[in-house]
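This is the structure, below, for whatever I ask next.
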Amino acid sequence: MDRVQSQVLESQIAEWRAYVAKAPAVEGRDVDELEAHLRDQIAELDAAHLAPDEAFLVAVKRMGDLDTLSREFAREHSGRLWKQLVLSGDDEPARPSGGWPEALVFALGAAVAIQVARLVAGFPGEQPPWFVRNIGLLVLPFLAAYFARRRGLAARGWLATAVPFVIAAVVVNVYPYGAGSGAELFDTGVSDTELLVALHLPVVLWFAVAYPYTGGTLRSPERRMDFVRFTGEWVIYYVLIALGGGVLFGLTGAVLEPIGVDVDVLAEWILPTGAAGAVVVAAWLVESKQRVVENMAPVLTMIFTPLFAVMLTVAAITYAVSGVAAAFNRELLGVFDALMVVVLGLVLYAMSARDPSRPPGLTDRVQLLAVASALVLDVMVLGVMAARIGDLGFTPNRVAALGLNLVLLVNLAGAAWLSARFLAGRTGFHRLERWQTGYLPVFAVWAAIVVAVLPPVFAFA
């Protein structure tokens, strides 16, 4: 078997493995065993002088206990030889049940929790700092519970789901944060470390939601990629809900204003309720309308990836040639950090929507351009940060930003290297997928360090 055939076979196996891992009856630890069985079948057929493609297809057909999974896989890839080998004409795709009453209960729970907390915090007066830093803890536990219920987790799974939320609640509420101007981020009366906790805690808790979403199989690269895909689709639905809700509220306000209804007071009650409840509603939409978003994902990535790639390339070249990178101020550094995070998210989402067996194409080259340009900008930003720290010393904000950029640097460098090798035909796409899904916990760990370690290191200043 030559190198090209071997790479094609590895891509086919990676695609089959990813699909098998989605089956509710298949545990994450079972996927390795099933893959080993498939490889044994392929090796046996290869010894009988079958071509790699034929050996793969026949081996999948022989997986007796996975016959149903094979048929489902054939439906998803009906344009291939799969359909001829494993799909009978009478098969019809199964549709998942909606489960909207269950989602509504958890959405209402999140909305009520937000409103109760606001009343306890003294609404309609100014909200105290503890309310802002606990917003994630008021909403995301309901999302985690929704997935734990939907995935049918046992009592042990529910306990594992609750543990990170309990630990986070204790840590962020027992720390004795000091008062301060918060000048480096916002004009507030709280300390910089408390603001950093408020910004990073939702990131930590979002990664905690991954455990119930994957049914407790976080060690599976395929399940982690599923969570990446869910995150992208959730963002799409949440934005659509926000836009639709904004239009609806604007029209409602215009209708009610002539009869003396105070629209501002109405907004103070409705908007937080809708924002909290939409977290769960968007997740339910992803679950029940997955086919719709999966059709949108390739279109969205095809539109926005080239635009971001062009913008990043122009920015990297302009700043490198003009030499103005050394004059970056704090606000511009923050903009570039946000931009690089968005680009990374876009690349991850595009990867989750890509067919792993498809050969390299124009989209892959555009993504490499975006990643390489982001990498150049990240190096510039790190240089400026190092100079600022050398001149002005360490602060909580500078350490948090420096750590984020170092984490991004390693991720972008690895992604650029593997993407280049994939485009050159020296490795399969599954290697790039494994790199990204395996690196995701690093982001969660860094966010947790900012939440739990930085405040005491800087004396809660």
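Would you confirm, using the coordinates I've provided, whether LEU119 is at pLDDT 70 or above, in a helix (DSSP H, G or I) and more than 19 Å from ILE13 (Cβ to Cβ)?
So LEU119 fits the description; yes.
Can you name the residue in region 239-266 that is in contact (Cβ under 8 Å) with a residue 24 or more places away in the chain and over 18 Å from GLN115 (Cβ atoms) and, of all such residues, is surrounded by the most Cβ atoms within 10 Å (Cβ to Cβ)?
Filtering region 239-266 for residues that are in contact (Cβ under 8 Å) with a residue 24 or more places away in the chain and over 18 Å from GLN115 (Cβ atoms), the one surrounded by the most Cβ atoms within 10 Å (Cβ to Cβ) comes out as ILE241.
Quick one: VAL445 ticks every box in (1) in contact (Cβ under 8 Å) with a residue 12 or more places away in the chain; (2) within 30 Å of GLY178 (Cβ to Cβ) bar one, so which box is it?
For VAL445, the exception is condition (1).
Here are ARG426, ARG434: which of them is over 25 Å from VAL457 (Cα atoms), open to solvent by 50 Å² or more (accessible area, probe 1.4 Å) and free of Cβ contacts under 8 Å to residues at least 24 places away in the same chain?
ARG426
Among the residues of region 344-355, is there at least one that is at pLDDT below 85, over 18 Å from the mean Cα position of the chain (by Cα) and either in a loop (DSSP other than H, G, I, E, B) or not charged (D, E, K, R) (or both)?
yes
Now a separate question. Tell me which residues, restricted to region 214-231, are open to solvent by less than 20 Å² (accessible area, probe 1.4 Å), over 14 Å from MET351 (Cα atoms) and at pLDDT 85 or above.
Hit for region 214-231 is THR214, nothing else.
Further, regarding this structure: Exactly one of (1) within 24 Å of ARG223 (Cα to Cα); (2) open to solvent by 40 Å² or more (accessible area, probe 1.4 Å); (3) modelled with pLDDT under 75 is unmet by PRO359. Its number?
For PRO359, the exception is condition (3).
Please state which one of TRP269, TRP206, TRP234 is over 20 Å from the mean Cα position of the chain (by Cα), open to solvent by 20 Å² or more (accessible area, probe 1.4 Å), touching a residue at least 40 places away in the same chain (Cβ under 8 Å) and closer than 18 Å to ALA110 by Cβ.
TRP269
Assuming ALA386 fulfils every condition listed in (1) of a type in the set (A, V, I, L, M, F, W, C); (2) in contact (Cβ under 8 Å) with a residue 40 or more places away in the chain; (3) more than 20 Å from ARG229 (Cα to Cα) apart from one, which condition is it?
Condition not satisfied by ALA386: (2).
Additional query: Pull up region 186-198, narrow it to residues that are within 24 Å of VAL335 (Cβ to Cβ) and surrounded by fewer than 19 Cβ atoms within 10 Å (Cβ to Cβ), then point me to the one that is modelled with the highest pLDDT.
Among those residues, the one meeting the criterion is THR188.
The values are calculated or read from the model by the stated rules, or taken from the named source; none is laboratory data. Computed from a prediction, not measured in an experiment: that's the story for all the values here. Backbone-built Cβ (ideal geometry, glycine too); neighbour counts: all protein chains shown. Remember, those area values only see protein heavy atoms, side chains included, never the ligands or the DNA or RNA. Shrake-Rupley method; radii C 1.70, N 1.55, O 1.52, S 1.80 Å.
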